[in-house]
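Asks: Next up is a structure, given as structure tokens.
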Amino acid sequence: MQEHIGKTVGRRTSLRDPFAYALGLQETATEMYKLTGRGLCPKGVYKFNSHEEADAWMWEMLARPAKIKTS
């Protein structure tokens, strides 16, 4: 059974190479770690009562000021 699609909205753009995209993200994270001496979030296991609480904590960790190494 074939379904006929009557209307298409928007355009599909060519997809990026997912490996190259992930490599770029990894390089950015590595440079941030070298500059600040810490990752995006503290290491550990965290338990939250809700997704909203976890999201609030994540944004707080991402927005905290970075102490850039000067040595």
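The values are calculated or read from the model by the stated rules, or taken from the named source; none is laboratory data. Predicted, not measured: the structure shown is a model, and the values here were computed from it. Here the Cβ is made from the backbone with ideal geometry for all residues, glycine too, and neighbour counts use every protein chain on show.
Asks: Sort out which residues of region 23-62 are surrounded by fewer than 11 Cβ atoms within 10 Å (Cβ to Cβ) and acidic (Asp, Glu), and write them in order of number.
Replies: GLU27, GLU31, GLU52, GLU60
Asks: Right, something else. Would you mind stating whether GLY24 is outside any loop (DSSP other than H, G, I, E, B) and either within 18 Å of the chain's Cα centre (by Cα) or at negative phi (or both)?
Replies: yes
Asks: Applying the selection to region 38-68, what residues are under 17 Å from the mean Cα position of the chain (by Cα) and either in contact (Cβ under 8 Å) with a residue 24 or more places away in the chain or assigned to a loop (DSSP other than H, G, I, E, B) (or both)?
Replies: Within region 38-68, ARG38, GLY39, LEU40, CYS41, PRO42, LYS43, ARG64 meet the criteria.
Asks: Considering region 12-41 alone, what residues qualify as being within 17 Å of ARG64 (Cα to Cα) and modelled with pLDDT of 80 or more?
Replies: ALA29, MET32, TYR33, LYS34, LEU35, listed by residue number.
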